[in-house]
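What follows is calculated from the coordinates using simple rules that are stated; it is not laboratory data. These figures come from a predicted structure and were not determined experimentally. Every residue, glycine as well, gets a Cβ built from its backbone with ideal geometry; the counts of neighbours run over all protein chains shown.
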Amino acid sequence: MKKLVSLLLVLVMSMCVLCAPALADDAVPAGVLSFLNYSEEEFANASVIWNYLGVSLFNNGYVHSKVMVAPENPEDALYATAADYPVRFYDSLDAMVMGLLSGEIISFDIYSCVAEYICAQNENLVNYVQYDTTSERSGFVGEVLDRFSNGFSFMMLEENEALRDEFDVAIAAMKEDGTLQQLIDEHITKVINGEEPKAIVPDQIEGAETITVAVTGCLPPMDYVAPDGTVAGFNTAILAEIGRRIGKNIAFEQVDSLGRAMALSSGTVDVVFWVRGISTGSKTYKMTDEEFAAYKDEMEKDFTPEEKAAIARLDEILPRVKEYTRDMPDGTIITEPYYSDIPVGVMERSTYDFYVSYIESQMAQAAE
């Protein structure tokens, strides 16, 4: 079979970002929600190795998409540079969607639950990437999928360590007794399958301390604010449950996504509803170098030399501390993750249809 030509697969991947193929000589920017402690340049530099890992997953059947064609040799992806993976940060999901529809970007990455929700709400948007996270997989594939997954935590100032610990105890108990999974099923899974987000009003405990939590509405249905300004959905459900367990009142304050850190540092809020870190970060972030080396040796015991080299390069570009804290400004701390998800790619339906048609025609020609 002849090689497909004139089709450059652009897999812009950072914490699992898969963006669209580009047919032009110059790579087209992809949209990403801004990080609080991470620049576009850092994102682009990391994308080279994320691209390589993504191509490996694609070639081995753990990534599915009708608009992707991977190179026969994944090592080819390592010859790319950060310039091949331009990104544009956006401060809100709405702005990023507008950027896509206006042609500023060719696609954007967002968490799969959010992608499913917004694509169901807007017929002009398509989620063009699916991950196989259930099939049997090697240790390497499992590690890559874990590193692609983002864990979501609550953020507080360092001086609120006692409050962070209270949240951690509540989250651990909710995981243990199944309450957290029930909330995810009810307020995320059911909603992306067609139900409307519901507002859960936290109990008000007379005389108890009130904790003010910043919410953005930027990641529905996980972080949701209704058109009338009512905070609803998973954010209200999990915080109401935490408030009940720690014996404190919960109040909501809507802020924009980039303003989360400012609201926290200014004292406007006590807690930020979501901050992103790799889902494996909480178990490695506090390890000593010796503990991490032992952990890594055990994790990589069945890796091939090439797989070890890929992870080593990732660790060099993105040290585990930087990878885990890329959404954490100085002076902040976070809880254990309460939810995790893998980012996927979203593009405009007309662009998606064009790429599907183009790839099908190229494959038909190559088969002749």
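Can you give the extra length, in nm with one decimal, that the chain gains between Glu290 and Asp185 once fully stretched, where that is 0.36 nm per residue apart less the Cα-Cα distance? Provide the component values of the computation, followed by the final result.
Numbers: separation 105, 0.36 × 105 = 37.80 nm, distance 3.87 nm.
The span from Glu290 to Asp185 would gain 33.9 nm if fully extended.
Which lysines, if any, have their Cα less than 24 Å from the Cα of Lys283, not counting same-chain residues under 8 positions apart?
Of all the lysines, those that pass the test against Lys283 - Cα under 24 Å, at least 8 places apart if same chain - are Lys175, Lys296, Lys301, Lys308, Lys322.
Dipole of the chain, Cα-centred, from +1 at each Lys and Arg C-beta and -1 at each Asp and Glu C-beta, to the nearest 20 debye?
On the way: 25 positive and 60 negative charges, 95 e Å.
Charge dipole, the chain, about its Cα centre: 460 debye, nearest 20.
Along Cα→Cβ, 7 Å out, is where each label goes; now give me the distance between the ones at Glu104 and Lys283 in nm to one decimal.
Between Glu104 and Lys283, the simple spin-label model gives 3.9 nm.
Which value in nm describes the separation of the simple spin-label points at Asn193 and Met363, placed 7 Å from the Cα toward the beta carbon?
It works out to 3.0 nm between the two label points.
How many angstrom lie between the C-alpha centres of the range 157-180 and the range 306-351?
Using only Cα atoms, the two centres lie 22 Å from each other.
Taking the Cα atoms only, what angle lies between the long axis of helix 93-102 and the longest principal axis of the chain, rounded to 10 degrees?
That works out to roughly 30 degrees.
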